[in-house]
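The values are calculated or read from the model by the stated rules, or taken from the named source; none is laboratory data. Since this is a predicted model, take the numbers as computed values, not measurements. Reconstructed Cβ throughout: ideal geometry from the backbone, glycine too, with neighbour counts over all protein chains shown. Areas reflect the complete protein model, heavy atoms only, side chains present, ligands, DNA and RNA absent. Shrake-Rupley method; radii C 1.70, N 1.55, O 1.52, S 1.80 Å.
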Amino acid sequence: MTTTTPAGVPGAVLGRQACARAGQGVVAMVVWGKRLGRLAALVCGAAALGAWCEASAAPAVAPVLIELAWQAGPEPRLLLSYTPPPGVRTLRLPNDSAAAREVWREWVRPADACSRWNAADSQLELQAPCSAARFTVEPRLLMRPAVYQAAQPLGEGGAQGVLLHTGFWVAAAPGAGLRWRWLPPAGEGALVLQRGRVHRAEAVQGAVEELIPAAAVDALLSHPEESAHWRAAGAAQYVALGRLQLQTFDAGVLLHDDQVDPARRQAVLASLQQAAKALQQAYGQPLREPAAVVLTAAAPPGFQADVSDGHIMRLRLPLDPQHLALQELQRYLLHEATHWWNMGLYRSDDRYPWLHEGHAEWASLLLMQQAAALSPQALLRFLDEALNRCLVRRAEHAAATLAQGYHAHEDPYACGLVLMLGAQLQRAAGRPRAPGWAWADLATLHRQAPSSGVSQADFARWADLGAATGPMQQLLGSNQQGFAQGFTALMKPWLQAQDLSPSDDAQLPWALRELLALDLAKQLLSASCEGELPLQATPGGLLLPRRMRCQRLLPGQFIVRLQGIHLLDQPLAAAQAVRQACATGQTLRAGQGIHESPLQCPTTWTDPPVRQLWHWRPEVVQGVGLMGASQSD
């Protein structure tokens, strides 16, 4: 929210002018009311208005000035400066998350003796006689899932700039507004990207600003759990500072650093064009504000992408193009572009991320089908993996009792995807649909929702074709119905089950192999180790935490094999071998590289978390009108 006042007119003067005009109206109202016998009520109103006027005439509290700048050079830095109102020496940091604490503890340093981060109270402290608290930040990649980047370096080592998220850097005082100020670096080509708009350094006269009223700040400080308050305070957006190259597409602009090769840049542009055109046609309107994509490449393998308030998409590719197939890149791009509509032009209840993440997952697959980039066979494999991941995560927890946000019993991508598909199978009512039906029908979810956005209840009614009650409303609204049993019963015409045996390891999607391996390892380590058990699964094995103490295993190393069987490649076979060894009194062996260590058998075994593998029937793609897509695989 950006607010302005007429140039050169202080807020107190505007208040006095308004009170002078309002006072004349109060006098007239009192006289008129006396004639009608309403004097008492209007005198009270006049007194209240007079108190408001007296308060309005008082000098306004200056906003907290937050200045952010990028410093180029051999060691690029993000520079922070906080200037509180006169007499204020502490500023609260509403972001008290584990990620924010990590960033402030490890990346941020005071620029002088006046400035201090108080970790215990989550606040900034300013010592006299200084007027501003100043800090320097070393830009880094924050390797946390489902977390925005605090200060991502752009270009090699951050040589081309920084992409920052304001949610990490907002600091506030009760009763005071905020004045965000972003300072572009000096020199040719320098820019600020903010709310989808590119501001050239030479055109903004030194800074880009956004003014936030005190009421919005107070709401954030009082209720930081509400995402709407972060957006209203300007604390939910990406902002880029630096020197980047620009290319345009239908909905906005693509900015990229020098680390991204031309072939992938063109692939990104083509996917953005496709998504913008298809989404605009489906929803019947373009974005109200321009969109922007910040595309970078960095050494860590893997891919990162997210979209912030202000229609800013971040795409971080691996440096080596071989580490991310173009088809996967296209799907990720289409997913993120969908967020411009389902969480930008429209809204979804972000307390339940499966609503917008699942919608974007399904939309990306439908768009790939339209482009003949995904065969029905490949689509079914993807849907099978999502189905099994969701059933494992939610298990028999009732949907209405699941916690909000991201947690251990939720996979918002997989569960949201299969719920979107399930809803459209219901809406198709068993009648084969023409190609393109699913895409056109999906857009009605948001178009028919209230302006506040799509809630779980809105989604369930949409799935049940607007009926007052229905099977999807019962599944998502019940405190008793186990999700896995309820969903598979609801989708019974479209599903088939397969009992698992050790020979089925090759069929298991990664998510299930990971789950089975983690479950087996935790049961074994509980008998042989002490300490925390947050094992991390990677293709290289299960990483044993350094804080864990085991009789023979090496902390900080990967567990790769059990009884000579690769744990993550063949978790079912490994579990069978381990249980057989324990039953016959054989020694258990865990392999860490060339190191083999004995393990104790647990006194009791729990059942494996997965006993069946579920598959969508091939008819499901015809059921939502997808058979018209390419048959190539």
Set Trp340, Trp362: member being part of a helix (DSSP H, G or I), closer than 20 Å to Ser452 by Cα and of a type in the set (Phe, Trp, Tyr): Trp340
Scan the stretch 465-484 and tell me whether some residue there is free of Cβ contacts under 8 Å to residues at least 12 places away in the same chain, assigned to a helix (DSSP H, G or I) and over 29 Å from the mean Cα position of the chain (by Cα). no
Given the criterion assigned to a helix (DSSP H, G or I) and buried (at least 19 other Cβ atoms within 10 Å of the Cβ), identify the matching residue among Gln322, Gln369. Gln369
Taking Val198, is it within 27 Å of Gln280 (Cα to Cα), open to solvent by 30 Å² or more (accessible area, probe 1.4 Å) and assigned to a strand (DSSP E or B)? yes
Is it the case, given these coordinates, that Arg547 is under 22 Å from Asp504 (Cβ atoms), modelled with pLDDT under 85 and surrounded by fewer than 14 Cβ atoms within 10 Å (Cβ to Cβ)? no
Could you check how many residues of the stretch 551-599 are assigned to a helix (DSSP H, G or I), among the β-branched types (Val, Ile, Thr) and in contact (Cβ under 8 Å) with a residue 24 or more places away in the chain? 1
Restrict the check to the stretch 433-453 and report whether at least one residue is open to solvent by less than 30 Å² (accessible area, probe 1.4 Å), within 27 Å of the chain's Cα centre (by Cα) and over 25 Å from Leu626 (Cβ atoms). yes
Could you look through the stretch 405-432, keep only residues that are in a loop (DSSP other than H, G, I, E, B) and among the charged types (D, E, K, R), and pick out the one that is most open to solvent (accessible area, probe 1.4 Å)? Arg431
Quick count over the stretch 115-132, residues being open to solvent by less than 20 Å² (accessible area, probe 1.4 Å), among the hydrophobic types (A, V, I, L, M, F, W, C) and outside any strand (DSSP E or B), is 1
Using beta carbons and a limit of 8 Å, which pairs, at least six apart or on different chains, have the first residue in the stretch 179-194 and assigned to a strand (DSSP E or B) and open to solvent by 20 Å² or more (accessible area, probe 1.4 Å) and the second one modelled with pLDDT under 85 and not β-branched (Val, Ile, Thr)? Leu183/Gly206
Pick out, from the stretch 207-249, the strands (runs of 3 or more DSSP E) lying fully within it that include 3 or more residues that are in contact (Cβ under 8 Å) with a residue 40 or more places away in the chain, in contact with a Gly (Cβ under 7 Å, 6 or more places away or on another chain) and crowded, with 19+ Cβ neighbours inside 10 Å. 238-242
Does any residue of the stretch 375-392 turn out to be without any contact (Cβ under 8 Å) to a residue 24 or more places away in the chain, in a helix (DSSP H, G or I) and either open to solvent by 10 Å² or more (accessible area, probe 1.4 Å) or within 27 Å of Arg617 (Cβ to Cβ) (or both)? yes
